[in-house]
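What follows is a short report on a single structure.
The values are calculated or read from the model by the stated rules, or taken from the named source; none is laboratory data. Predicted model, so just to flag it, every value in this text is computed and none were measured. When we count neighbours, we look across all protein chains shown, and the Cβ atoms used for this are built from the backbone with ideal geometry, even at glycine. Just so you know, the surface numbers come from the protein's heavy atoms only, side chains and all, with ligands and any DNA or RNA stripped out. Shrake-Rupley method; radii C 1.70, N 1.55, O 1.52, S 1.80 Å.
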Amino acid sequence: MRLTGVEIRAFRNIRHAELRLQEGVNAVFGENGQGKTNLLESIFLLTGARSFRRSRDRDLILRGEPGASVEAEFLSRGREQRLRLTVEEKGRQISLNRASPVPAASAAGNLVCVVFSPEHLSLVKGAPEERRRFMDTALCQSSRGYLLDLKLYTRLLGQKNNLLKDCQRFPDAMDLLEVYDRQLAAAAAGVCRRRLEFVKSLGEDFKDSSLQLSGGRDRGEIALQCSLFPSGQPTPQEAEQQLRARRGEDLRAGYCTAGPHRDDLSVSLDGQSLRLFGSQGQQRTAVLALKLSEARYMKRATGEEPVLLLDDVLSELDLLRQNDLLDRLGGQAVITCCDPTFISGRTDARLIEVKGGEIKNVS
């Protein structure tokens with residue numbers, strides 16, 4: 001998979017920018033606050049995922065403009081394709097190959113990207129929601145079945161939570177809980193099964209990447225903690241049994257206390273929790289290792305190299321590991337940095353300067 005061209009209009013501080021991208025390394029450089037990360041963010045939104053910067057849609061639009069747009073040409077499975085994203089206050093829509101626009105999330109899987117940003121330190125430092133989002137973003141891009149199961153589970157979960165509140169006032173509503181638990185159990189089993197497969201597939205790559213990026217010092221491990229499946233075998237039957245066992249607790253709480261929405265991904269180095277015991281340098285390196293492992297998973301799942309979007313990834317790596325990282329990227333990468341001196345010495349890199357939201361120079 002390879003991006004060949006991108007055109008951006010009225011996106012954050014970018015009034016209008018066009019650029020061509022090459023296979024291999026594309027280095028976007030410039031001082032802080034000029035729009036480098038905005039460019040990466042605009043590309044990532046073409047995947048159908050939400051912004052990795054936790055932004056509201058209206059925050060993505062240049063002040064004074066009614067909406068923003070991002071268009072991209074890309075090669076996938078030997079075909080030239082085109083995506084067009086529009087952003088308005090009411091939401092985001094995407095059109096593939098000039099077809100009728102659909103909600104952005106429905107377009108997941110067309111352009112596949114893996115993004116690393118300093119904000120992704122929340123993967124190890126933040127709440128379980130951040131780690132669930134990491135899994136969901138990868139799986140929704142690589143598995144249509146997962147996307148459908150997750151949408152169904154989320155809808156049923158909201159309905160069951162409303163029902164649990166009603167049960168406190170209307171005892172007759174209790175009869176419906178059996179029906180909801182049966183449907184919710186089937187969707188939960190589908191979501192957790194694919195998450196477990198994803199984590200198992202990532203595990204060996206994460207161990208190798210964490211060792212390489214740390215110079216052999218840190219051995220990383222990941223494991224999924226499923227609240228509904230203590231046996232580690234996700235089946236609708238076990239999920240339904242667990243939901244029934246927790247019914248009293250759910251009724252007291254007024255919401256569903258177990259399920260994929262409560263799962264967590266544990267990340268450790270040499271057997272110790274990275275969140276509790278890891279230094280900031282170790283946490284950053286581990287997140288980068290997770291992202292490189294995600295990219296390898298995407299290639300196995302889709303048959304194509306994903307586009308790597310790496311924001312300020314080189315600043316805290318020494319020269320040896322900078323070289324090692326760039327040599328191992330594979331496929332196409334768009335990397336932001338303030339100082340392009342190191343990358344400019346590589347004959348395989350394209351340099352793109354951004355200043356004040358405009359593309360100033362390409363070499």
Review point. Of the residues in the stretch 325-351, how many are of a type outside the set (A, V, I, L, M, F, W, C) and assigned to a helix (DSSP H, G or I)?
Key: 4
Check your understanding: Restricting the stretch 168-218 to residues that are in contact with a strand residue (DSSP E or B) (Cβ under 9 Å, 6 or more places away or on another chain) and within 26 Å of Ala239 (Cβ to Cβ), which is most open to solvent (accessible area, probe 1.4 Å)?
Key -> Lys200
Practice item. Scan the stretch 23-39 for residues that are open to solvent by less than 50 Å² (accessible area, probe 1.4 Å), under 23 Å from the mean Cα position of the chain (by Cα) and farther than 16 Å from Leu83 by Cβ and jot them down. Key: Gly24, Val25, Asn26, Ala27, Val28, Gly35, Lys36, Thr37, Asn38
Point to revise | Single residue of Gln282, Gln322 found to be open to solvent by less than 40 Å² (accessible area, probe 1.4 Å) and assigned to a helix (DSSP H, G or I) | key: Gln322
Point to revise | Index of the failed condition, Glu130 passing every other in (1) in contact (Cβ under 8 Å) with a residue 12 or more places away in the chain; (2) more than 20 Å from Phe11 (Cα to Cα); (3) of a type in the set (Asp, Glu) | key: (1)
Exercise for review: Could you grab the pairs with beta carbons closer than 8 Å, sequence gap of 6+ or different chains, first residue in the stretch 30-43 and under 21 Å from Gln93 (Cβ atoms), second one open to solvent by 10 Å² or more (accessible area, probe 1.4 Å) and part of a loop (DSSP other than H, G, I, E, B)?
Suggested key: Asn38/Arg12; Asn38/Asn13; Glu41/Arg12; Glu41/Arg53; Glu41/Ser55; Ser42/Arg12
Revision key, fill the gap. Checked the stretch 249-291 for anything of a type in the set (Gly, Ala, Ser) and at positive phi; matches are Gly254, Gly259, Gly271
Practice item. Please state which of the following conditions Ala301 fails to meet, knowing it meets all the rest: (1) over 30 Å from Gly109 (Cβ atoms); (2) in contact (Cβ under 8 Å) with a residue 40 or more places away in the chain; (3) part of a helix (DSSP H, G or I); (4) of a type in the set (A, V, I, L, M). Key: (1)
Review point. Given the conditions (1) assigned to a loop (DSSP other than H, G, I, E, B); (2) within 22 Å of Lys355 (Cα to Cα), and given that Ala49 satisfies all but one, which numbered condition is not satisfied?
Key: (2)
Check your understanding: Here are some residues: Ser293, Ser268. Which one is open to solvent by less than 60 Å² (accessible area, probe 1.4 Å), in a strand (DSSP E or B), among the small types (Gly, Ala, Ser) and at pLDDT 90 or above?
Key -> Ser268
Check your understanding: Does Glu130 meet the test of being more than 20 Å from Ala301 (Cβ to Cβ), open to solvent by 20 Å² or more (accessible area, probe 1.4 Å), under 19 Å from the mean Cα position of the chain (by Cα) and among the charged types (D, E, K, R)?
Key -> yes
